[in-house]
Amino acid sequence: MSDKAYQHAPDPPWIFRTYAGHSTAQKSNALYRSNLARGQTGLSVAFDLPTQTGYDPDHILSRGEVGKVGVPISHLGDMRALFSEIPLEKMNTSMTINAPAAWLLAMYVALADEQGADRRLLQGTTQNDLIKEYLSRGTYIFPPGPSLRLIGDMIAWCYREVPKWNPMNVCSYHLQEAGATPEQELAFALATAISVLDTVRAGGQVPEEDFEIVASRISFFVNAGVRFVTELCKMRSFTKLWDEILLERYGVQDSKARRFRYGVQVNSLGLTEPQPENNVYRILIEALAVTLSKDARCRALQLPAWNEALGLPRPWDQQWSLRLQQVLAYETDLLEYEDLFAGSHVVEAKVAELSKGALEQLALIDEMGGAASAIDYMKAQLVGSNARRVRAVETGELTVVGVNRWTDSEPSPLSAGEGSIETIDPKLEAEVVARIQAWRADRDAAAVEAALADLKAAATDGRNVMEPSIAAAKVGVTTGEWAGALREVFGEYRGPTGVAVVVSTGEAEDVEAVKAEVERVSELLGRTLTYLVGKPGLDGHSNGAEQIATRARACGMEVVYDGIRSTPEEIVRRAKESRAHVVGLSILSGSHLDLVQEVVRLMRAEGLDHVPVVAGGIIPEADALILKQMGVARIYTPKDFRITEIMGDVVRLVEATALEQA
């Protein structure tokens, strides 16, 4: 093809990834090699919740969570198994890991050293965005100050030792999942990037003449929703604002260093449980938002599977998402053209509008002292925005096909019968626990103790923790031991819930009706109906729990919600202290059977078996039957999107229970 002003030979496509990992390192390795054989060009590692929160699989908080939402990686042996027959020197690996990012990178580098790889050729990304963990995803460990310090250590080490590695991936993806508007997503992500660069500059580990190199390695991981014109303009706004920030705020002169480099997973929040086959179209439309515009095209793309609202996708489901990318990149002529939207007055006006709103939010955050000081403010803003979004779906102001319009449907052959989702063998947790205990028994205990002592000394003295972490990996230190050592130095953090400051639902007729019922039933009970909302286990996706707590409060209930990461014992203790009339458990990690069973058992042991338990989350029908047999009174899944109706159902349940006991 001869080059023209507007058309040329196809550009290289973006990196094709699938976010994957489950059960064990061995099973995940088989999945990775299968995906690579089918044309995937990079890896995106999903870690399980114990790994993400710095616990070994035999820790009490890991119970029921091992291998559920990702792969358990507890030590270098697991890392070897995960990447068996995969040469790291030739792979581009993205790791969705945050609080223990330095540790997972240390194990990755230790394995690369074993393979004889040149560290300078290692390519990939560690997500490593702790601000968004405090705001939306919940897998934080340490307070903001130490967390930023660890990010700074990684950045300072990576640009010298692994210069092709992106040590930090500012992640706005989960902000949108938590309800962020486009302006909030822009502002909160850019505020995070600014806080990281300010930390690096103040840390003294990077000479001023090398700051431009460091700035160029900051990458982003964004979300793309179904309103794809707005999303396309959001990406162009990101590109524009990042260029301005690096030039005007930090004096970065090289235009290439100011490029907005980003990867994407398109929106999972919008995937629906009813009529899940419609999700295929949603995923395609969202992918167009980040690929159509050459001037703001993603560097890497991973697409969710169509059935993620039902449970864990099967390999076939992941292949379907990969094929979508391949058709878009190789069968269409998309990559042959210059930017399709350059000069569009519509696009330019929308980009200007989004940029203006984002800059106003950035100015507010700056006045508060930056992102780390504005966490409570940003969290409350997200909870409020999400409440408005949820309310719009409930009222029909926001159409969701198959959910609040056109709900009549033929049965889907895609999601019928057994085997329609991937399931995790419950025996695997015991196997993983046995393996880590054997690992500890076989290593040099004195070497482990010395390595942990050096790690703690580095953290205390202000030395860079990366080399001590790599040394610790090589002598067999575990994920829980690494995080435990730093917990001793840095302490732990409890994030804000954002529920105390919420938007009003107004005088909505349905809310007022339930409020009247709450008042009536409260008179019957002799005090205000008390609803305890609990998040047991390590699942940090708190959007659902926050919206339930927010709406229950709007309906006049007394709400007890302590945020994420409660043990079953803590939930039962709070239920007893607060004299709760109903306990609601929110679990989205797939560990509902284990955790709900334990809460119900403990409630019976404490004499609270008269208090009804309800549960919500991504719960397959077969599991819902088991939960009901355990004694759970109500089960709510994503198809139950009308939250005020859930509140009314809970009030009726409490009333019926009280009358039975009268």
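The values are calculated or read from the model by the stated rules, or taken from the named source; none is laboratory data. Bear in mind the structure is a predicted one, so any value in this text is a computation, not a measurement. As a convention, Cβ positions derive from the backbone with ideal geometry for all residues, glycine included, and neighbour counts pool all protein chains shown. For accessibility, only protein heavy atoms count, side chains too; no ligands or nucleic acids. Shrake-Rupley method; radii C 1.70, N 1.55, O 1.52, S 1.80 Å.
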| segment 567-581-segment 183-244 distance, computed between alpha-carbon centres (Å) | 42 Å
| query | Taking the mean number of other Cβ atoms within 10 Å as a proxy for protection, how do you rank 103-112, 195-204 from highest to lowest? | reply | 103-112, 195-204
| request: Quantify, in whole percent, the carbon and sulfur part of the accessible surface of segment 1-45 (1.4 Å probe; protein heavy atoms only). | output: 55 percent
| said: At 1.4 Å probe size, put GLU273, GLU338, GLU523 in order of accessible surface, largest to smallest. | reply: GLU523, GLU338, GLU273
| message | Could you work out what % of the accessible surface of segment 127-395 is carbon and sulfur, using a 1.4 angstrom probe and leaving DNA, RNA and ligands out of the count? | response | 55 percent
| For segment 509-661: accessible area per residue (Å², 1.4 Å) | 41 Å²
| Per residue, how much accessible area does segment 339-465 show when a 1.4 Å probe rolls over the protein heavy atoms, in square angstrom? | 56 Å²
| 19 Å cut-off, amide nitrogen to a point 7 angstrom out along TRP316 Cα→Cβ, residues in segment 271-309 | 275-281, 304-309
| request: Count neighbours as other Cβ atoms within 10 Å of each site's Cβ, and list the GluC sites (Glu not before Pro) in segment 393-447 that are DSSP loop with at most 12 such neighbours. | output: GLU397, GLU418
| query | At GLU353 and GLU89, where each label point lies 7 Å from the Cα along Cα→Cβ, what is the point-to-point distance in nanometres? | reply | 5.3 nm
| Potential extension, ARG604-GLU367 segment - 0.36 nm per residue separation minus Cα distance | 80.3 nm
| remark: Computed from the beta carbon distance with a Förster radius of 60 Å, FRET efficiency for ASP210 and GLN661 to the nearest 0.05 stands at 0.30
| note | Ordering 381-387, 12-18, 232-238 by per-residue average of other C-beta atoms within 10 angstrom, highest first, gives 232-238, 381-387, 12-18
| field | Pairwise FRET efficiency - ARG323 versus ARG487, Cβ, R0 = 60 Å, nearest 0.05 | value | 0.85
| message | Just to confirm my numbers, what's the Cα centroid distance between segment 45-94 and segment 107-133 in Å? | response | 14 Å
| said: Which residue, ALA5, TRP406, GLY64, has the largest displacement toward the positive end of the dipole of the chain when charges sit on each Cβ (Lys, Arg +1; Asp, Glu -1)? | reply: ALA5
| How much solvent-accessible surface does GLU161 expose, in Å² to the nearest 10, with a 1.4 Å probe and all protein chains in place? | 70 Å²
| remark: For the pair GLU645 and ARG80, the simple spin-label estimate (label points 7 Å beyond Cα toward Cβ) gives in nm 5.5 nm
| message | Under 20 Å from a point placed 7 Å out from the Cα of ARG527 along the Cα-to-Cβ direction: which residues of segment 551-568 have their backbone N that close? | response | 552-562
| Exposure of TYR6 as accessible area (Å², to 10), given a probe of 1.4 Å and all protein chains | 130 Å²
| request: Assign unit charges at the C-beta atoms only (+1 for Lys and Arg, -1 for Asp and Glu), then state the dipole size of the chain relative to its Cα centre in Debye, rounded to the nearest 20. | output: 380 debye
| Taking a threshold of 31 Å on the Cα-Cα distance, which of the pairs LYS164/LYS350; LYS256/LYS356; LYS350/LYS639; LYS4/LYS90; LYS68/LYS628 fall above it? | LYS164/LYS350; LYS350/LYS639; LYS4/LYS90
| Among all helices in the chain defined by DSSP H, which have a length of 20 Å or more along the axis from Cα atoms plus a Kyte-Doolittle mean of at least -1.0? | 101-115, 144-161, 182-203, 228-244, 345-367, 375-395, 428-442, 445-461, 509-525, 643-661
| task | Using a 1.4 angstrom probe on heavy atoms only, work out the carbon and sulfur share of the accessible area of segment 480-601 in %. | result | 48 percent
